[in-house]
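Chemist: Structure in structure tokens, see below.
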Amino acid sequence: MPFDLIVKNVTLPDGRTNLDVACENGRIIAMEPAIKAEARTTIDGRGHLLSPPLVDPHFHLDATLSLGRPRMNVSGTLLEGIGLWGELKPIQTVEEIVERALEYCDLSIAMGIGAIRSHVDVCDDELKGVQALLEVRKQVAPYLDLQLVAFPQDGLFRADGSEENLVRALDMGVDVVGGIPHFERTMQDGARSITVLCELAEKRGLMVDMHCDETDDPMSRHIETLAFETRRLGLQGRVAGSHLTSMHSMDNYYVSKLIPLMAEAELSAIPNPLINIMLQGRHDTYPKRRGMTRVAELKAAGINVAFGSDCVMDPWYSLGRACMLDVAHMGLHVGQLSSRKDMAWCFDAVTKNAARALGLKNYGLEKGCYANFVLFQANDPIEAIRLRANRLAVIRSGKVIARTGRQSCELFLAGRPDSIDPADYAPGHAPKDR
């Protein structure tokens with residue numbers, strides 16, 4: 001019997017080359033050079049990079065693609081974005097949220113994203129976003145893993161009814177407990193919200209992902225409380241702190257204490273490079289802080305760090321195209337992650353590290369893993385980031401679900417090559433022979 005799919009002659013992110021990957025019944029069955037077997041579908045990888053799916057560990061599907069409704073964010077600040085979102089919530093419908101979210105999911109699938117963790121606002125009594133995204137999760141399940149986080153955008157205690165609505169959302173089937181301690185009315189309420197939410201997650205056996213210290217205030221230190229509650233309740237490996245932007249403003253002595261506490265708690269850290277550097281530092285003149293957390297230091301401490309995209313065309317960010325390689329590219333630059341090892345790690349931050357933060361099972365390129373992967377028009381992870389490489393094929397359960405033609409450009413210059421293929425320009429090498 002033939003295999004369902006064989007992708008021949010590919011390079012893997014870990015540097016292995018000239019491999020064929022054979023798939024059957026939605027799983028990877030074999031990975032070795034020159035597999036001699038028939039397949040219903042065969043793809044010639046031409047030595048290009050085959051990667052597990054891109055993963056977005058932090059997004060807001062209920063707000064995506066709403067740019068300009070009911071108005072634009074004039075100041076570009078986080079707080080005006082929150083205020084604008086508060087204006088949109090009462091006038092949008094469940095059907096509208098479903099339509100926008102499905103449109104974004106289609107785009108993300110075509111861009112090689114195989115899993116998204118989306119925070120969904122629970123601070124409206126109708127829970128319109130929850131209703132909508134539960135429906136979206138059901139519709140996209142064959143193509144995309146969608147995790148939903150019950151997110152009290154207006155504060156668990158600050159907004160009336162938020163705590164009850166969050167519990168209702170979990171009862172409806174939302175996957176993860178969220179929070180926003182720095183947006184509570186006092187530091188004490190923020191810390192108390194972490195305790196309440198982590199205890200709720202422990203009771204229900206759920207993961208936790210909190211917007212934590214998304215501010216320029218160096219005294220916003222709720223990540224310390226999150227680390228403490230994680231260890232107290234035995235939630236190690238199930239908790240993520242998202243954004244963590246205040247860490248870029250903290251003094252070095254305090255951070256030298258904080259990072260080991262985070263490591264002990266086995267927290268994941270999820271900075272969002274595009275949005276963090278756009279929204280933070282708005283009150284600064286010069287020198288101006290850029291807002292991304294201390295990625296290099298967290299990474300050096302062995303903390304799992306994953307990059308999220310956060311927003312696309314919504315009240316907080318007017319750009320974006322569902323490209324996690326854009327996110328990795330920006331994270332590399334603003335984090336000054338310029339060594340070859342660090343640049344390759346940035347690819348991990350939008351693939352396997354993000355999958356670990358979400359707790360995805362059977363993710364990766366090994367025998368027995370789900371047959372979910374992306375063929376990039378690039379020769380290695382660094383080149384994929386440098387070029388924001390074309391996704392030649394997106395495979396889910398051993399079937400091609402999206403395909404993009406090879407990128408090239410014809411030149412009409414006397415005495416020069418007649419075409420340029422960006423993927424021919426491997427790092428440190430001249431263009432390959434044609």
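Chemist: Looking only at segment 97-121, which residues are among the polar types (S, T, N, Q) and assigned to a strand (DSSP E or B)?
Modeler: Ser118 - this is the single residue of segment 97-121 that is among the polar types (S, T, N, Q) and assigned to a strand (DSSP E or B).
Chemist: Cβ-Cβ below 7 Å, separation at least six or inter-chain, first residue in segment 337-361 and assigned to a helix (DSSP H, G or I), second of a type in the set (Phe, Trp, Tyr): which pairs?
Modeler: Ala355/Tyr363
Chemist: Still on this structure: One residue is enough: does segment 286-295 have a residue meeting the conditions of a type in the set (Ser, Thr, Tyr), part of a loop (DSSP other than H, G, I, E, B) and surrounded by 16 or more Cβ atoms within 10 Å (Cβ to Cβ)?
Modeler: Yes, the conditions are met somewhere in segment 286-295.
Chemist: Scan Asp251, Asp314 and give me the residue that is more than 13 Å from the chain's Cα centre (by Cα) and either under 30 Å from Arg232 (Cβ atoms) or surrounded by fewer than 16 Cβ atoms within 10 Å (Cβ to Cβ) (or both).
Modeler: After ruling out the rest, the residue left standing is Asp251.
Yes/no per residue for (1) in a helix (DSSP H, G or I); (2) farther than 24 Å from Val334 by Cβ; (3) not assigned by TED's automatic domain parsing to the domain that holds Lys203:
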{"residue": "Leu226", "(1), (2), (3)": "yes, no, no"}
{"residue": "Arg231", "(1), (2), (3)": "yes, yes, no"}
{"residue": "Leu235", "(1), (2), (3)": "no, yes, no"}
{"residue": "Ser246", "(1), (2), (3)": "yes, no, no"}
{"residue": "Ala263", "(1), (2), (3)": "yes, no, no"}
{"residue": "Glu266", "(1), (2), (3)": "no, yes, no"}
{"residue": "Gly281", "(1), (2), (3)": "no, no, no"}
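Chemist: For Ala159, only one of the following conditions fails: (1) within 25 Å of Leu358 (Cβ to Cβ); (2) surrounded by 18 or more Cβ atoms within 10 Å (Cβ to Cβ). What is its number?
Modeler: Of (1) within 25 Å of Leu358 (Cβ to Cβ); (2) surrounded by 18 or more Cβ atoms within 10 Å (Cβ to Cβ), only one is false for Ala159: (1).
Chemist: Restricting segment 203-223 to residues that are among the acidic types (Asp, Glu) and either buried (at least 24 other Cβ atoms within 10 Å of the Cβ) or touching a strand residue (DSSP E or B) at 6+ places or on another chain (Cβ under 9 Å) (or both), which is nearest to Asp251 (Cα to Cα)?
Modeler: That would be Asp213.
Chemist: Then there is this: Going through segment 360-392 one residue at a time, which ones are touching a strand residue (DSSP E or B) at 6+ places or on another chain (Cβ under 8 Å), surrounded by fewer than 23 Cβ atoms within 10 Å (Cβ to Cβ) and hydrophobic (A, V, I, L, M, F, W, C)?
Modeler: Hits for segment 360-392 are Leu360, Leu365, Cys369.
Chemist: Now for a different question. What do you reckon, is Ala296 touching a residue at least 24 places away in the same chain (Cβ under 8 Å) and farther than 30 Å from Ser318 by Cβ?
Modeler: no
Chemist: Out of everything in segment 136-156 that is more than 15 Å from His211 (Cα to Cα) and not in a helix (DSSP H, G or I), what residue ends up being farthest from the chain's Cα centre (by Cα)?
Modeler: Step by step, filter segment 136-156, then rank; the result is Pro142.
Chemist: Identify, by number, the condition in (1) in contact with a strand residue (DSSP E or B) (Cβ under 8 Å, 6 or more places away or on another chain); (2) free of Cβ contacts under 8 Å to residues at least 40 places away in the same chain that Ala141 doesn't meet.
Modeler: Against the list (1) in contact with a strand residue (DSSP E or B) (Cβ under 8 Å, 6 or more places away or on another chain); (2) free of Cβ contacts under 8 Å to residues at least 40 places away in the same chain, Ala141 comes up short only on (1).
Chemist: Related question: Select, from Leu79, Leu67, the only residue that is modelled with pLDDT under 95, closer than 24 Å to Ile180 by Cα and out of contact with any Cys (no Cβ under 8 Å at 6 or more places or on another chain).
Modeler: So the residue among Leu79, Leu67 that is modelled with pLDDT under 95, closer than 24 Å to Ile180 by Cα and out of contact with any Cys (no Cβ under 8 Å at 6 or more places or on another chain) is Leu79.
Chemist: Report yes if some residue within segment 85-96 is part of a helix (DSSP H, G or I), under 24 Å from the mean Cα position of the chain (by Cα), modelled with pLDDT of 95 or more and within 29 Å of Ile382 (Cβ to Cβ); otherwise report no.
Modeler: No, segment 85-96 contains no residue that is part of a helix (DSSP H, G or I), under 24 Å from the mean Cα position of the chain (by Cα), modelled with pLDDT of 95 or more and within 29 Å of Ile382 (Cβ to Cβ).
Chemist: Here are some conditions: (1) part of a loop (DSSP other than H, G, I, E, B); (2) under 30 Å from Asp154 (Cα atoms); (3) within 25 Å of the chain's Cα centre (by Cα). Leu79 meets all but one. Which one does it not meet?
Modeler: Evaluating Leu79 over (1) part of a loop (DSSP other than H, G, I, E, B); (2) under 30 Å from Asp154 (Cα atoms); (3) within 25 Å of the chain's Cα centre (by Cα) leaves (1) as the failure.
Chemist: On the given criteria, is Thr195 polar (S, T, N, Q), out of contact with any Gly (no Cβ under 8 Å at 6 or more places or on another chain), more than 22 Å from Asn353 (Cβ to Cβ) and in a helix (DSSP H, G or I)?
Modeler: So Thr195 passes the test.
Chemist: Give me a count of the residues in segment 254-294 that are within 20 Å of Gly237 (Cβ to Cβ), of a type in the set (A, V, I, L, M) and in contact with a strand residue (DSSP E or B) (Cβ under 6 Å, 6 or more places away or on another chain).
Modeler: Selection size over segment 254-294: 3.
The values are calculated or read from the model by the stated rules, or taken from the named source; none is laboratory data. Here the structure is a predicted model, which means the values were calculated and not measured. All Cβ positions, glycine included, derive from the backbone under ideal geometry; neighbour counts span all protein chains shown.
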